[in-house]
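Some notes on the structure that comes next.
The values are calculated or read from the model by the stated rules, or taken from the named source; none is laboratory data. Worth saying up front: this structure is predicted, and the values here are computed from it rather than measured. Cβ sites come from the backbone with ideal geometry, for glycine too, and all protein chains shown count toward neighbours. Heads up: the accessible areas ignore ligands, DNA and RNA and are worked out on the full protein's heavy atoms, side chains in. Shrake-Rupley method; radii C 1.70, N 1.55, O 1.52, S 1.80 Å.
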Amino acid sequence: MSKKYVAEPYRIKMVEPIVETTKEERIEFLKNAGYNPFSLRSEDVYVDLLTDSGTGAMSQEQWAMMMTADEAYAGSKSFYKLESVVKHITQYKYFIPAHQGRGAEQIVLPQLVTKKGMYFISNIHFDTTRAHVELAGARAIDCVIDECFDLELDHPFKGNFDLERLEKIINEKGSENIAGIIMTITNNSAGGQPVSYENMVGVKKISKKYGITVLIDGARYAENAFFIKEREKGFKDKSILEIARMTFDLADIFLMSAKKDGLVNMGGIIAIKDNEHLFKLCQTYIVPYEGFPTYGGLSGRDMEALAQGLTEALDMRYLTHRVDQIRYLGDMLKEAGVPIQYPVGGHAVFVDCGKIAPHIPYDQFPALSVTNALYIEAGVRGVEIGSLLLGRDPDTHQNLKSPKEFMRLTIPRRLYTYQHLDVVGQAMIEVFKHKDELVGYAFDYESPMLRHFTSTFKPIKKQ
Ligand code: P70
């Protein structure tokens, strides 16, 4: 663990004031939000760690490129610029923009579901990916290594596939029923943990043996490449771009929420290695769902910013600082005894709320409880990544029990300083000191799909 922290590799050119509120005000704001942090107004949040998705700061170069954008409906020069950057990085033949990650998922995933009773297998499906798998009439199976759930185990690649189980599942379900294998890099739902190159080679070998399509869900592919460079033998002298290309070479399709490692506020990518038939299908479906194939729901400005952002995200100084910020917060919490997933991943610190509040049952959402307490303490907004987010079994409708009840403290890119993270750490330590006072939550209204976004709750009073 590095103790020598690096300062921000940028200086601030434009500032956005943030409001400070009182504890009494925050108690009221949270009540009005139905105890769902998603329903808070961001103005009422001091440090917003809800997500790293679309929340980062753009560079002066990105803002400058936006001024040069071509807003043509068809054949925009900004499209061709973005296309050339995506092709340069992925080395794939085909590219279609989408408005964000789930936009890309809704176009591509249904094309792979060619009959009833099919499955996707992922290390862990991200929740929108799972939703689109299910909307396409397929089922999602997660296949991550067991070490992933041992939060204190020092393992360099906790996002890895359990390759033995992967092959077993394929044999059990029948390879003809597997619509695709989705490599989620980094593995968001389990702590932004990386997947090793060697493990992805293993996935590729199995997919080849059974003739199964491999997809990369690569929202944070540059962070994944950073960890490979740092931790995997033989990669120290390779550039992030080289590692990324080696990774893309192992897959057939690349889907990206560009709101993460694209360093933009909005954007998504569909890239296809060489399957012309699939590309043509996606081009057909992008029109009614996202827009004409040369904009896919993005303005010319968005495409300019993304072309530049994709390039900046491959920079080692940027990535070193990014990962260091996460480690800084993680170390602070760990040293104070707050249980977190260790080692921390690439975009967030995952706090183990099951351990902090074992007196709250999983279907009363211990991580929502900690998240709400942290907001009240200091106006810091985290997000629940546990049984609330996991939802219900689509067949039995039972509440699923997540293996871990996490609160994710997600650090936006280039947005906050180490001092902001100090506030977060101190507030979390305060909540931890009063952990026995935390209460569970019951639904006031439960939304039928992706319920964590829009449901409302009531605190369950202590007996
Ligand atoms: C996040 C956001 C989005 C995402 C992802 C991976 C690996 C696809 C997508 C969808 C979503 C989120 C979660 C909680 C609070 C706010 C936002 N992840 N694949 O923060 O992409 O959002 O662009 O449609 O992580 O992890 P998109």
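For the condition at negative phi and open to solvent by 40 Å² or more (accessible area, probe 1.4 Å), what is the one hit in His452, His397, His434?
Answer to the check: His434.
Out of Glu242, Glu223, which single residue is acidic (Asp, Glu), free of Cβ contacts under 8 Å to residues at least 12 places away in the same chain and either part of a helix (DSSP H, G or I) or closer than 14 Å to Thr184 by Cβ (or both)?
Values: Glu223 fails: free of Cβ contacts under 8 Å to residues at least 12 places away in the same chain.
Just a single option satisfies the conditions, and that option is Glu242.
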Is one or more of the residues making up segment 236-255 on the phi > 0 side of the Ramachandran plot and either open to solvent by 10 Å² or more (accessible area, probe 1.4 Å) or of a type outside the set (Asp, Glu) (or both)? no
Just checking, how many residues over segment 111-132 are within 16 Å of the ligand (Cβ to nearest atom) and without any contact (Cβ under 8 Å) to a residue 40 or more places away in the chain? 2
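Residues in segment 92-105: is at least one assigned to a helix (DSSP H, G or I), in contact (Cβ under 8 Å) with a residue 60 or more places away in the chain and more than 16 Å from the ligand (Cβ to nearest atom)? Quick ask: steps written out before the conclusion?
The initial filter retains those residues of segment 92-105 that are assigned to a helix (DSSP H, G or I), namely 101-105.
From the residues that got through so far, the ones that are in contact (Cβ under 8 Å) with a residue 60 or more places away in the chain too are 101-105.
Now drop any that are not more than 16 Å from the ligand (Cβ to nearest atom), which leaves none.
Among the residues of segment 92-105, not one is assigned to a helix (DSSP H, G or I), in contact (Cβ under 8 Å) with a residue 60 or more places away in the chain and more than 16 Å from the ligand (Cβ to nearest atom), which makes the answer no.
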So is Ile206 surrounded by fewer than 24 Cβ atoms within 10 Å (Cβ to Cβ), farther than 23 Å from His132 by Cα, aliphatic (A, V, I, L, M) and touching a residue at least 60 places away in the same chain (Cβ under 8 Å) or not? no
Which of the residues spanning segment 210-220 are touching a residue at least 40 places away in the same chain (Cβ under 8 Å) and away from the ligand (no atom under 16 Å from the Cβ)? Tyr210, Ile212, Thr213
Does any residue in segment 373-384 that is part of a loop (DSSP other than H, G, I, E, B) come within less than 6 Å, Cβ to Cβ, of a residue that is of a type in the set (S, T, N, Q) and open to solvent by 20 Å² or more (accessible area, probe 1.4 Å) six or more places away or on a different chain, and which pairs are these? Gly379/Thr21
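Which one is farthest from Arg327 (Cα to Cα), of the residues in segment 387-419 that are of a type in the set (D, E, K, R) and part of a strand (DSSP E or B)? Lay out the reasoning, then the answer.
Keep residues of segment 387-419 that are of a type in the set (D, E, K, R), which gives 392-393, 395, 401, 404-405, 408, 413-414.
Then drop every residue that is not part of a strand (DSSP E or B), which leaves 392, 408.
Values: Arg392: 33, Arg408: 14 Å.
Residue satisfying both the conditions and the ranking: Arg392.
Table: residues versus (1) within 16 Å of the ligand (Cβ to nearest atom); (2) assigned to a strand (DSSP E or B); (3) in contact with a strand residue (DSSP E or B) (Cβ under 6 Å, 6 or more places away or on another chain).
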| site | (1), (2), (3) |
| --- | --- |
| Lys238 | no, no, no |
| Leu255 | yes, yes, yes |
| Cys282 | no, no, yes |
| Tyr285 | no, no, no |
| Gly296 | yes, no, yes |
| Ala305 | yes, no, no |
| Leu329 | no, no, yes |
Scanning segment 66-82 for residues that are open to solvent by less than 40 Å² (accessible area, probe 1.4 Å) and part of a helix (DSSP H, G or I), the one farthest from Ile269 (Cα to Cα) turns out to be Met66
